[in-house]
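A quick write-up on the structure given underneath.
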């Protein structure tokens, strides 16, 4: 009898789907219409996403290139209503309005600018607490890391893109700007300015700043490691006052095969009237030879705002040394601490 029972149990275990006489059934499945359209990382960060409409001073130098009416995405990172975005959206702002995900619009105020990183903070008016995104870790991510980029467009529609870290390297821009470590995210988002770059858990690891290349494009994102250590100081003082003011010339440059050349001037910068000409090839800064845009910035920023900077340039066959007294760029901007 015992052998018969054991044999029956053995045979039962070999029959697929058999379970001691219990009927076999399919696993429950959600109806397609009940499956969320967005990935989980989008749903986690979406409540903290706001659209920012900015009216800037029409007479300000920043409005020449950026226009006086601007739009970008902001990411609320503090329940008191502080949101981070890219600084170029906020330059010389006169009025800022934030649009929430439910369509409501609330006034906002400029709270701080960090022109060295390219980020800024606004404070949403109102009591709160506001839904806030989690800030993640960006200093240990690597190329290939899966990401999402989440922002909004001017119609307040959510814009999100699944992608990955295409590369991590230095990035420099013509307007005396450089990040020693930038995130290059592919594919790029069509609503890049200020959008949150998040990891698989929905934590913010970067703020999308620029769109480069050709379709499907690449976004340059500012790693959150450039923001998190200084955010409290930005809120308290309006800028990172513990950092030595960086010398600024208002000199636009372009990298070429022959080196870095002068490509233009900021309208109110000291370089505009110093004697530079478009096409001058920059050879040195304070006697130190430079061959690239990055080397030019590294040497320029060794001093501090107010220093006289001597820039060696080649024009035709002649070498010229042009002396320029640098300034603290923050002193030119509306609404930032002097």
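The values are calculated or read from the model by the stated rules, or taken from the named source; none is laboratory data. As the structure is a prediction and not an experimental result, all values here were calculated from the model. With ideal geometry, Cβ positions are generated from the backbone for all residues, glycine too; neighbour counts draw on all protein chains shown.
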Please list, ordered by residue number, the strands (runs of 3 or more DSSP E) wholly in region 146-219 having 2 or more residues that are farther than 26 Å from residue 82 by Cβ and at pLDDT 95 or above.
158-173, 177-186
Can you confirm whether region 80-98 contains a residue that is modelled with pLDDT under 95, in contact with a strand residue (DSSP E or B) (Cβ under 9 Å, 6 or more places away or on another chain) and buried (at least 22 other Cβ atoms within 10 Å of the Cβ)?
no
Residue under question is residue 110, and the condition is that it be out of contact with any helix residue (DSSP H, G or I) (no Cβ under 8 Å at 6 or more places or on another chain), modelled with pLDDT of 95 or more, assigned to a strand (DSSP E or B) and within 24 Å of residue 232 (Cα to Cα); does it hold?
no
Of the residues in region 63-77, those that are in a strand (DSSP E or B) and in contact with a helix residue (DSSP H, G or I) (Cβ under 8 Å, 6 or more places away or on another chain) come to 70, 71, 72, 75, 76, 77
When you look at residue 272, is it outside any strand (DSSP E or B), touching a residue at least 12 places away in the same chain (Cβ under 8 Å) and within 25 Å of residue 243 (Cα to Cα), yes or no?
no
